[in-house]
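Worksheet for the structure shown next.
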Amino acid sequence: MTPGKNIHRLFVIVFMTVLLIPLAQECTRLIRLAPLDGAFVPAKKPLLSVSAFWNGTYQDSFETWQNENFGCRNFYVRFHNQLQYELFHKASVDNVTVGLQDYIYENQYITTTFGEDFIGDEAIGNVIYKLKCVQDTLAKMNKTFVLVICPGKGTYYPEYIPFKKPTVHWPTNYEVFTDKLKNSGLNYIDFSSWFRAMKDTSKAPLIPKTGSHWSVYGSMLALDSFIRYVEVKRNVDLPDLQLHGFTWKTSNLTPPDEDVCVSMNLLWNIRPLPMAYPDYSFGDATGKAKLNLMAVSDSYFWIWNDAGIGRNCFHRSEFWYYDQHVYYSDNTPEGNALDLDDVEATKNNDVIILMATEPNLSGLGWNYINDVYDRLVLKKVPTDMDKRIREVETGIRKSPEWMKSIVEKAAMNKISIDSMIYLDAKYVIEQQDQKK
């Protein structure tokens, strides 16, 4: 048998194997494959009916479902992603960039580091003015407001960003915010500058190589600092965060220290930095102050929330995640912010923090600032129109395509993202009313 025929037969065998393995897996499910990571709505297997078959909806739905459920699909997706990463140093997932030495960035951290999402001095000044008015109003009610700025990976690890810095330097929202905050009288904690100051002396990474948030270790240092800050501002004694030691990991990191890497759905994860995990507890609460905490925050608050800040350090906490979903430290079921009242919640808590990482400074507040300013400071009574606009605003924030347009228009008009969302929502309502 000639070598040419052997190669031909080998090719046929390999080709048929590649085709038959998925079919065999689909029929038997002998191989247990890990599910893909990420947020998506899985397709449902359609029910066959005469009408659906003849109008073609069944075929379309079945094709969509089949594309997500054929045998070995998860393996082939991960194999494709691994090839993309190994050959082209790219991530096969939207909004992620693989940087130098395999440091991974979500793109918004690079965008904000270069000032490409800058909303302008006037818009930032307006946000700080409203927050100072809110703080003063809450102080008269014996409540403490604090703005917490969390570190961004782009400013913490600028040396690994794979793009050249623009020759024309644009101001960043973080730079202008912190400059204006210095003389504003507003209570604030700048963890971004603090982390960068500790970068070369820290015992462990404060921000991971393979994740977007502050590390578990860094977040615990920040939590300890925050507790002490509240104690000084309120002149109270809270249960202390006690650190007893550390456990080190070089793989299978504790979330969220490799959250972005996991979202890339590779066959094997990128090698991370050695990460430290604190062994901690909270001190005895006997005789300590019992304060209620409200946190309006992005995902950076999750680690504090999971650490038990509400049930161990404060009397109770409620976490308004992007001012959309509400999570409580007691047995209260989670809620939808549209069905609740963030201003009334503010009145029922002792310490209120507005917490955001650097990329989210362009849209700081997520409706909350305007709500508390209008109702607590200006004493406005919400109308039916206000409620309708709020519902549309929530829909805008949940739409990635719409939000991309919002960011572009806000930068072009030099206004905050929050203001641009309001204008778009108001326009939608006006168009609906005109059609009626």
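Yes/no per residue for (1) open to solvent by less than 10 Å² (accessible area, probe 1.4 Å); (2) touching a strand residue (DSSP E or B) at 6+ places or on another chain (Cβ under 7 Å):
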site	(1), (2)
THR144	no, yes
LEU147	yes, yes
LYS165	no, no
LYS182	no, no
ASN187	no, yes
ASP190	no, yes
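Among the residues of region 219-239, at least one is outside any strand (DSSP E or B), without any contact (Cβ under 8 Å) to a residue 24 or more places away in the chain and crowded, with 22+ Cβ neighbours inside 10 Å. Taken as a whole, the condition of being at pLDDT 95 or above, under 15 Å from the mean Cα position of the chain (by Cα) and either outside any helix (DSSP H, G or I) or surrounded by fewer than 21 Cβ atoms within 10 Å (Cβ to Cβ) (or both) applies to TRP214. Tell me which residues, restricted to region 149-161, are open to solvent by 50 Å² or more (accessible area, probe 1.4 Å) and either acidic (Asp, Glu) or assigned to a loop (DSSP other than H, G, I, E, B) (or both). Selection gives GLU159 alone. Here TRP248 meets each of (1) more than 30 Å from PHE88 (Cβ to Cβ); (2) surrounded by 15 or more Cβ atoms within 10 Å (Cβ to Cβ) with one exception, condition (2).
Taken together, the criteria place VAL93 among residues that are assigned to a loop (DSSP other than H, G, I, E, B), open to solvent by less than 80 Å² (accessible area, probe 1.4 Å) and at pLDDT below 90.
Counting the residues of region 103-142 that are assigned to a loop (DSSP other than H, G, I, E, B), of a type in the set (D, E, K, R) and surrounded by fewer than 18 Cβ atoms within 10 Å (Cβ to Cβ) gives 1. For ALA204, state whether it is of a type in the set (Gly, Ala, Ser), assigned to a loop (DSSP other than H, G, I, E, B) and open to solvent by less than 70 Å² (accessible area, probe 1.4 Å). In short, yes.
Checking the structure you have, find out if any residue of region 115-124 is at pLDDT 95 or above and either of a type in the set (Val, Ile, Thr) or farther than 28 Å from VAL343 by Cα (or both). No.
In region 293-306, of all residues being touching a residue at least 40 places away in the same chain (Cβ under 8 Å) and open to solvent by 10 Å² or more (accessible area, probe 1.4 Å), the one that is nearest to the chain's Cα centre (by Cα) corresponds to SER299.
Whether any residue in region 300-308 is touching a strand residue (DSSP E or B) at 6+ places or on another chain (Cβ under 7 Å) and more than 30 Å from ASN142 (Cα to Cα) is what I want to check. No, the conditions are met nowhere in region 300-308.
Per-residue answers, yes or no, for (1) modelled with pLDDT of 95 or more; (2) more than 20 Å from GLY99 (Cβ to Cβ); (3) β-branched (Val, Ile, Thr):
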| residue | (1), (2), (3) |
| --- | --- |
| ASN252 | no, yes, no |
| LEU266 | no, no, no |
| PRO272 | yes, no, no |
| THR286 | no, yes, yes |
| LEU291 | yes, yes, no |
| ALA295 | yes, yes, no |
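Looking only at region 167-180, filter to residues that are outside any loop (DSSP other than H, G, I, E, B) and open to solvent by 50 Å² or more (accessible area, probe 1.4 Å); which one of those is nearest to SER215 (Cα to Cα)? Among those residues, the one meeting the criterion is GLU175. Residue count for region 395-406 under the criterion of being within 16 Å of LEU364 (Cα to Cα) and touching a helix residue (DSSP H, G or I) at 6+ places or on another chain (Cβ under 6 Å): the result is 2.
Residue pairs whose Cβ atoms lie under 9 Å apart, sitting 6 or more positions apart in sequence or on different chains, and linking a residue in region 180-204 that is on the phi > 0 side of the Ramachandran plot and touching a residue at least 12 places away in the same chain (Cβ under 8 Å) to a partner that is charged (D, E, K, R) and outside any loop (DSSP other than H, G, I, E, B), are GLY185/LYS132; GLY185/ASP136.
The values are calculated or read from the model by the stated rules, or taken from the named source; none is laboratory data. Everything numeric here is computed off the predicted structure, so don't read it as measured data. Positions of Cβ are backbone-derived with ideal geometry, glycine not excepted, and every protein chain shown enters the neighbour counts. Ligands, DNA and RNA are excluded from the accessible area calculation, which covers all protein heavy atoms including side chains. Shrake-Rupley method; radii C 1.70, N 1.55, O 1.52, S 1.80 Å.
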